[in-house]
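Undergrad: Structure incoming, see below.
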Amino acid sequence: TAANPSTRPDGFIPVGTLQELNEKGSIFNSKIPALIIHNQKNSQDIFAVNPTCPHAGCVVKWKGNKEEFLCPCHGSQFTANGQLMKGPAHQGLKPYIAKVEGNLILVKP
Ligand code: FES
């Protein structure tokens, strides 16, 4: 695959800052695609998933108040680390490796 121009030699792609995540509650990058959330609020404990719903390909949304991903198309629900909670999807969201370096959030698809 053609390298994303911002992919680092170690394979990680910068997607935003901790400050941005704290303010918005989630960060969505449509190019990867990736959706990054806090596992614990305001911590460096983060999760990143491919937000493409395995049912029919809609993009799931993060519901911070319920701490779950919800698919707007047919209502599938997933935990913060992407595991399937409720169908019609038959499998979970694909998790990515995510880490924080200083203030920067990095994802490895
Ligand atoms: Fe997500 Fe159908 S596409 S539940």
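Undergrad: If you roll a 1.4 Å probe over the chain with all protein chains in place, what percent of the accessible area is carbon or sulfur?
TA: C and S atoms contribute 51 percent here.
Undergrad: For the chain, what is the accessible area per residue in Å² when the probe is 1.4 Å? Don't skip to the answer; put the middle values down first.
TA: Details: 6150 Å² over 109 residues.
For the chain, the per-residue accessible area is 56 Å².
Undergrad: In addition: Could you work out the relative contact order of the chain, using alpha carbon pairs under 8 angstrom and six or more residues apart, expressed as a whole percent?
TA: 25
Undergrad: Starting from the Cα of LYS63, draw a straight line to each of the aspartates and glutamates and keep only those under 16 Å, dropping any in the same chain fewer than 8 residues away.
TA: Those aspartates and glutamates meeting the cut-off are GLU23.
Undergrad: Here's a follow-up. I'd like the Kirkwood hydrodynamic radius of the chain, using the inverse of the mean 1/r over distinct C-alpha pairs, in Å.
TA: Kirkwood radius, the chain: 14.0 Å.
Undergrad: Hey, if you drop one equal point scatterer on each alpha-carbon of region 19-81 and run the Debye formula without solvent, what base-10 log of I(q)/I(0) do you get at q = 0.20, 0.23, 0.24, 0.25 Å⁻¹?
TA: Taking Cα atoms of region 19-81 as identical point scatterers yields -0.72, -0.93, -1.01, -1.08.
Undergrad: Still on this structure: What does the charge count around PRO72 come to, taking other residues whose C-beta lies under 11 Å from its C-beta (Lys +1, Arg +1, Asp -1, Glu -1)?
TA: +2
The values are calculated or read from the model by the stated rules, or taken from the named source; none is laboratory data. Please read all numbers here as calculations on a predicted model, not as lab measurements. Neighbour counts run over all protein chains shown; Cβ positions are idealised from the backbone, glycine included. The area values use the complete protein model at the heavy-atom level, side chains included, leaving out ligands, DNA and RNA. Shrake-Rupley method; radii C 1.70, N 1.55, O 1.52, S 1.80 Å.
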